[in-house]
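The next block holds one structure in the form of structure tokens; read it before the comments.
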Amino acid sequence: MGIDAPVIRQLVAYNARDIDAFVLNFHEDCVVEDGAGKELMRGRKAMRESYGRMFAASPDLHCRVVSRIVLSEYVLDEERVTGRAGIEGEGHVVAVYRVENDEITHVRFLR
């Protein structure tokens, strides 16, 4: 598989709301940031807590990839998210994933 393999796997797990499968695609010390570079969370433990709460609260959660660009160790996904608790309608986000050794090491969300 290509450099985007862990990005594909985490999306499948996200849509299944399978927290165990989801976090396995991220490096133990993965950093998640917003578009300005503000750290939102760091590490699998923090991701498990944050995403676990969201998965539990959002039984209809679904992310659809509109477009994907793969460039070197980066995967850029334009995503549309529906069914997230507390958010009406469809969310629009660009996620920039950095992949090293078949793990996502860094994520930046542009909203």
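Here are a few things to note about the model shown:
- Over all projection directions, the Cα-based convex hull of the chain averages an area of 6.4 nm².
- Here the Karplus relation 6.51 cos²θ - 1.76 cosθ + 1.60, evaluated at θ = phi - 60°, turns the backbone of region 94-106 into coupling constants of 10, 10, 10, 9, 9, 10, 9, 6, 6, 9, 7, 9, 7 Hz, with x for every Gly and Pro.
- The chain - percent relative contact order, Cα under 8 Å, separation 6 or more: 28
- Simple spin-label estimate for TYR74 and GLU28 in nanometres, 7 Å along Cα-Cβ: 2.8
- Zone of LYS45's modelled label, taken as backbone nitrogen in region 95-111 under 20 Å from a point 7 Å along Cα→Cβ: 104-107
- Listed residue (ILE104, CYS63, GLY89) projecting farthest to the positive dipole end of the chain, Cβ model: GLY89
- Residue by residue, region 2-8 carries 3J(HN,Hα) couplings of x, 4, 7, 3, x, 5, 5 Hz when phi is fed to the Karplus relation 6.51 cos²θ - 1.76 cosθ + 1.60 (θ = phi - 60°); x denotes Gly or Pro.
- Probe 1.4 Å, all protein chains present, accessible-area order of ILE3, ILE104, largest first: ILE3, ILE104
The values are calculated or read from the model by the stated rules, or taken from the named source; none is laboratory data. Remember, predicted model here, so these are calculated numbers, not experimental data. Cβ sites come from the backbone with ideal geometry, for glycine too, and all protein chains shown count toward neighbours. In case anyone asks, the SASA skips ligands and DNA or RNA and just uses the protein heavy atoms, side chains included. Shrake-Rupley method; radii C 1.70, N 1.55, O 1.52, S 1.80 Å.
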